[in-house]
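Read through the structure below, which is laid out as structure tokens, and then see the notes.
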Amino acid sequence: MPVNNSYELKRFVDSAVREVRVTDIHTHLYSAQFDDMLLWGIDDLLTYHYLVAEFFRYTSMPYEDFWALAKQEQADLIWQTLFIQASPVSEATRGVITVLKGLGLDPGARDLEAYRTYFSGLRTEDYIKTVFEVARIKDVVMTNDPFDDEECLKWQRGIQADMGFHSALRLDVLLNDWQLARIKLGKKGYLTSEILDEQTIAEVKRFLLYWVDKMNPIYMAVSLASDFAYPDDSIRTYLLEECILPVCRQLNMPLALMIGTKRSVNPDLRLAGDSLGKSDISALENLCSSYPNNKFMVTMLAREDQHELCVTARKFKNLMVFGSWWFLNNPSLIEEITRMRMELLGLSFIPQHSDARVLDQLIYKWGHSRQIIASVLYDKYKDLLDAGWRFTEEEIIRDVKYLFGGSFWEFTRKAL
Ligand code: RAT
Ligand code: ZN
């Protein structure tokens with residue numbers, strides 16, 4: 001159906017973006033088979049680390065007193081402080097309200113006990129289906145850590161393939177803490193040395209291939225500090241060159257680089273204590289140009305790095321930019337970043353991932369992002385319409401599908 005005017009355009013774009021089933025390429029969710037590793041429900045929503053950080057801006061409570069409380073008591077405090085004693089205008093607090101509304105609960109009632117009662121009557125498997133339906137999710141990619149003992153145990157016991165949950169092999173320990181990685185590798189029977197000699201290279205590759213076989217990941221991934229440099233004289237550079245990049249090439253598997261963290265600037269806040277810093281784009285340029293047969297999916301955490309990242313993606317077809325990550329996952333920044341990416345890259349990027357740690361968050365993270373992506377898309381099509389370009393509703397649907405999953409799957413499958 002042709003798009004004749006801006007009213008039709010708005011209707012078509014809004015409906016295509018609202019209806020499209022999303023592939024969420026980076027989450028911290030797990031399928032039901034991982035039992036209580038999958039977080040969901042009001043108490044997990046309220047104790048999300050984004051909200052914990054905000055809670056401590058209002059309270060004088062000592063950190064250790066907070067951490068000594070049971071989860072439900074922490075949730076009570078956060079509810080009182082961030083929702084009742086002040087209005088929940090921040091993105092993370094607003095998210096809880098959007099979730100309640102999406103589930104058909106009444107946020108205006110402010111009745112925490114009633115919300116708890118609702119969740120206590122649910123079965124995990126059914127609730128996953130409900131959330132996927134409400135948030136219109138096709139599938140999600142988990143974050144799977146082969147250095148996490150609890151998680152490894154689950155994989156060893158056998159995890160069945162689940163169409164809704166794909167895996168991603170996360171390599172933070174290996175690439176960011178070689179001492180710890182060696183200890184853990186040793187316990188699993190892999191023989192490594194301090195330096196990357198022949199045997200260590202072979203053992204690390206054996207370890208990677210073992211977990212690829214077990215988890216069947218779509219990509220490998222690592223988060224990197226803002227001072228990430230490549231190449232340099234660190235063990236990380238050698239691990240990348242000798243182990244990870246060759247295995248990724250062999251398997252035609254992308255490596256996701258999440259660049260720009262400053263971990264644990266306030267350890268008292270635990271998971272909420274990480275921050276960010278500006279990074280040097282030349283590390284990424286060096287990787288993309290030295291390894292044209294490797295595929296890199298990249299997101300950067302500092303707002304200041306977004307423009308350089310876009311320009312770099314114009315230079316390297318083996319680089320796929322994704323998501324408005326973590327501290328950037330706020331409406332004003334998603335809007336700015338998505339607009340810039342579309343202007344520089346057309347549709348050849350992955351606009352968003354949720355980073356959800358709690359299942360229910362899919363509802364708000366995607367709900368909020370869809371609205372913004374739709375409004376940016378509308379503006380771009382409107383410019384085209386005004387300039388005399390003619391297009392159809394089917395073409396809008398095609399573009400929207402590409403943005404919400406197509407570009408990701410195409411990139412993972414493409415041979416360089
Ligand atoms: O967004 C988050 O929840 C962060 O704590 C991190 O998990 C980050 O997304 C990461 O994957 O390292
Ligand atoms: Zn994450």
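The values are calculated or read from the model by the stated rules, or taken from the named source; none is laboratory data. All values derive from a computational prediction rather than experimental measurement. Heads up, the Cβs are rebuilt from the backbone with ideal geometry, glycines too, and the neighbour counts pull from every protein chain shown. Side chains are part of the model used for accessible areas, which takes the heavy atoms of the whole protein and leaves out ligands, DNA and RNA. Shrake-Rupley method; radii C 1.70, N 1.55, O 1.52, S 1.80 Å.
In a DSSP loop and with at most 16 other Cβ atoms within 10 Å, there are no GluC sites (Glu not before Pro) in region 31-138.
Highest average first, the peptides 4-15, 223-234 ordered by how many other beta carbon atoms sit within 10 Å of their residues are 223-234, 4-15.
Counting only heavy atoms of the protein chains, get the accessible area per residue of region 270-325 (1.4 Å probe) and round it to a whole Å² value.
Numbers: 2170 Å² over 56 residues.
Per-residue value: 39 Å².
Ignoring ligands, DNA and RNA, what percent of the accessible area of the chain is carbon or sulfur (1.4 Å)?
The nonpolar share, carbon plus sulfur, comes to 51 percent.
Here the chain was treated as a single set of alpha-carbon atoms; its pair distances binned every 10 Å from 0 give 4, 21, 30, 27, 14, 4, 0 percent.
With the radius of gyration and the Kirkwood radius both derived from the Cα set of region 278-328, what is their ratio Rg to Rh?
Working: Rg = 10.5 Å, Rh = 11.1 Å.
Using only Cα positions, Rg/Rh for region 278-328 is 0.95.
Of all lysines in the structure, those lying under 20 Å Cα to Cα from LYS138, and not within fewer than 8 positions of it along the same chain, are LYS129, LYS365, LYS401.
In Å², and per residue, what accessible area does region 1-157 have when probed at 1.4 Å with the other protein chains present? Kindly include the intermediate steps, with their values, before the conclusion.
Working: 7500 Å² over 157 residues.
Heavy-atom accessible area per residue stands at 48 Å².
Fully extending the segment from HIS307 to ASP213, taken as 0.36 nm per residue of separation minus the present Cα-Cα distance, adds 30.1 nm.
For the pair PHE391 and GLU125, the difference between a 0.36 nm per residue extended length and the Cα-Cα distance amounts to 91.6 nm.
Roughly how far apart, in whole Å, are the Cα centres of region 125-143 and region 230-254? If we compute the Cα centre of each part, the gap is 33 Å.
Going Cα to Cα from LYS382, which aspartates and glutamates come in below 19 Å? Please leave out same-chain ones fewer than 8 positions away. Counting by Cα, and skipping residues close in sequence, LYS382 has these aspartates and glutamates nearby: GLU8, ASP14, GLU335, GLU336, GLU343, GLU393, GLU394, GLU395, ASP399. In this structure the amide hydrogen of LEU224, modeled in the peptide plane, comes within under 5 Å of the amide hydrogens of MET258, ILE259, GLY260, THR261, none closer than 5 places in sequence on its chain.
Defining a contact as two alpha carbons under 8 Å apart and six or more residues distant in sequence, what relative contact order in percent does the chain show?
Working: 607 pairs, mean separation 97.5, N = 416.
Once normalised by length, the contact order is 23 percent.
Sorted largest first, the spans of the alpha carbon positions of region 74-197 along the three principal axes are 63, 34, 22 Å. For LYS315, a cut-off of 17 angstrom between C-alpha atoms picks up these lysines, skipping any fewer than 8 places away in its own chain: LYS295. Between GLU198 and SER6, the FRET efficiency from the beta-carbon distance, with R0 = 60 Å, is close to 0.40.
For region 1-85, dividing the convex hull volume of the Cα atoms by the residue count gives 172 Å³ per residue. The packing ranking of peptides 136-143, 313-320, highest mean first, is 136-143, 313-320, where packing means the average number of other beta carbon atoms within 10 angstrom of each residue. Taking ASP149, ASP355 and ordering them by how much accessible surface each has at a 1.4 Å probe, largest first, produces ASP149, ASP355.
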